[in-house]
Amino acid sequence: MDKNLLLRLFGGALYGLLVIMCTTPLGAEWINSVSPGLVKQQNLFYGLMTFFLFVGAGECIRIMKFDPKSWEKWVVFPLIILVFYYFSKRFFQHGFYFNFNLSEILALSLIVIAVITLFKFPKELYFDNGKLIFTVIYTALPFSFALGLPKFSMVEETFTLEVFFLFVLIWSSDSFAFFTGKFFGKHKMAPKISPKKTWEGFAGGVFFTLIIGYIIEMKFPDLRGNFIIVGFLVSVFAPFGDLVESQLKRNFGVKDSGNIIPGHGGILDRLDSFIICAPVVYLYFILEKLF
């Protein structure tokens, strides 16, 4: 078997296992079976999001090639910590589940503005102050909103599976879009940004992800929102998330965001879809609750 294929399989399995252990109750159950009461599932999930955030931010800094002498480069992580701390307080105080405040509306709007700037006004990101703002928005806000997707109870030791199934839907969208595009793809979706993406692959990803969303909704009706709708949102925004990161790397002449996952590249390469889908699904959960 090809050595690179083995490396990809190993890296993918390791990444998948980490996600499963930190986004489902299995992680805490396994650890606590060895040392009872050592960890709670919400802490594992919080640790995973924190890890993804800081590694992803480091990769974004390298991609955007800050001037080593600029003060902006040294302000990135303090600002990220400040933003993530604000959302972390809400996570541990269950504050995500009770209201939709002005700061969240502003944060979601900033993500939209950052993406528009990347595609329409890329020259703004060649200045270190633009790089600073984009890095904080592109990394800190999505992983902060991801904290608001699951619910957990300190009393009943429960942790809901919304984030796990979000990953399942993203993996489904990516996989089915790839295979559908490989066998049937003829019309390029964004040839200058991502030459391998086709509209046929996109359609295949939408179709099969909707089926997976339907199965999740039927089997797990107690999850927040309707997962058929979540499946549709993921099937649309997951490919867009990939295009966003591809455009970022293209603007700065970078092939991979990093090499932390053997055979798969960096954290941003693996989580480009999640970075866009997490705030979109969070917004859907909030709007569904309001209306």
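Which value, in Å² rounded to 10, gives the accessible area of S35 with a 1.4 Å probe and all protein chains present?
50 Å²
Where in the stretch 21-36 is the amide nitrogen less than 12 Å from a point lying 7 Å along the Cα-to-Cβ axis of E157?
Of the residues in the stretch 21-36, 26, 28-36 have backbone N under 12 Å from the label point off E157.
Using all C-alpha to C-alpha distances in the chain, build P(r) with 5 Å bins and read off the rounded percent in each one.
Final binned percentages: 1, 5, 11, 15, 18, 18, 14, 10, 5, 2, 0, 0.
Compute and list, largest first, the equivalent-ellipsoid semi-axes of the stretch 112-218 from the alpha carbon gyration tensor, each √(5λ) rounded to a whole angstrom. Don't jump to the answer; show the numbers that get you there.
Values: eigenvalues 173, 150, 12 Å².
Output for the stretch 112-218: semi-axes of 29, 27, 8 Å.
Roughly how far apart, in whole Å, are the Cα centres of the stretch 136-201 and the stretch 251-269?
Taking the Cα centre of each part, the stretch 136-201 and the stretch 251-269 sit 17 Å apart.
Along Cα→Cβ, 7 Å out, is where each label goes; now give me the distance between the ones at Y86 and F179 in nm to one decimal.
4.3 nm
Classify the stretch 179-238: rounded, prolate or oblate, from the alpha-carbon gyration tensor (a ≥ b ≥ c, eigenvalue square roots; a/c under 1.5 rounded; otherwise prolate if a/b is larger than b/c)?
Numbers: a/c = 4.60, a/b = 2.43, b/c = 1.89.
Here the stretch 179-238 falls in the prolate category.
Please report Rg over Rh for the stretch 86-136, where both radii come from the alpha carbon positions and Rh follows the Kirkwood definition. Intermediate values should be presented prior to the final figure.
Working: Rg = 14.3 Å, Rh = 12.6 Å.
Over the Cα atoms of the stretch 86-136, Rg/Rh equals 1.13.
In whole Hz, with x marking every Gly and Pro, tabulate ³J(HN,Hα) for the stretch 157-168 from phi via Karplus 6.51 cos²θ - 1.76 cosθ + 1.60, θ = phi - 60°.
6, 10, 8, 7, 9, 4, 5, 4, 6, 4, 4, 4
Between the DSSP loop rule and a limit of at most 10 other Cβ atoms within 10 Å, which GluC sites (Glu not before Pro) in the stretch 144-249 are left?
Values: sites: E156, E157, E162, E200, E217, E245; in loops: E156, E157.
In loop regions of the stretch 144-249 (DSSP not H, G, I, E or B), the sparsely surrounded GluC sites (Glu not before Pro) are E156.
Order F164, F66 by their accessible area, 1.4 angstrom probe, all chains in place, largest first. Intermediate values should be presented prior to the final figure.
Numbers: F164 40, F66 15 Å².
Largest to smallest exposure gives the sequence F164, F66.
Beyond 13 Å, what share of the Cα-Cα pairs of the stretch 206-269 is found? Please give it as a whole percent. Before the final figure, lay out the partial values.
On the way: 1376 of 2016 pairs.
The calculated P(r) of the stretch 206-269 puts 68 percent of pairs beyond 13 Å.
Of all trypsin sites (Lys or Arg not before Pro) in the stretch 62-113, which ones are in loop regions per DSSP and have a Cβ with at most 14 other Cβ atoms within 10 Å? Provide the component values of the computation, followed by the final result.
Details: sites: R62, K65, K69, K73, K89, R90; in loops: K65, K69.
Loop-located and lightly packed - K65, K69.
R250 versus F291, label points 7 Å from Cα toward the beta carbon: distance in nm?
3.3 nm
Trypsin sites (Lys or Arg not before Pro) within the stretch 213-291: which are DSSP loop residues with at most 16 other Cβ atoms inside 10 Å? Write down the numbers at each step before the final one.
Details: sites: K219, R224, K249, R250, K255, R270, K289; in loops: R224, K255.
Counting only loop positions with at most 16 other Cβ atoms within 10 Å, the trypsin sites (Lys or Arg not before Pro) in the stretch 213-291 are K255.
The values are calculated or read from the model by the stated rules, or taken from the named source; none is laboratory data. As the structure is a prediction and not an experimental result, all values here were calculated from the model. Counting neighbours? That spans all protein chains shown, and the Cβs are built from the backbone with ideal geometry, glycine included. Please note that ligands, DNA and RNA were not included when accessible areas were found on the heavy atoms of the full protein model with its side chains. Shrake-Rupley method; radii C 1.70, N 1.55, O 1.52, S 1.80 Å.
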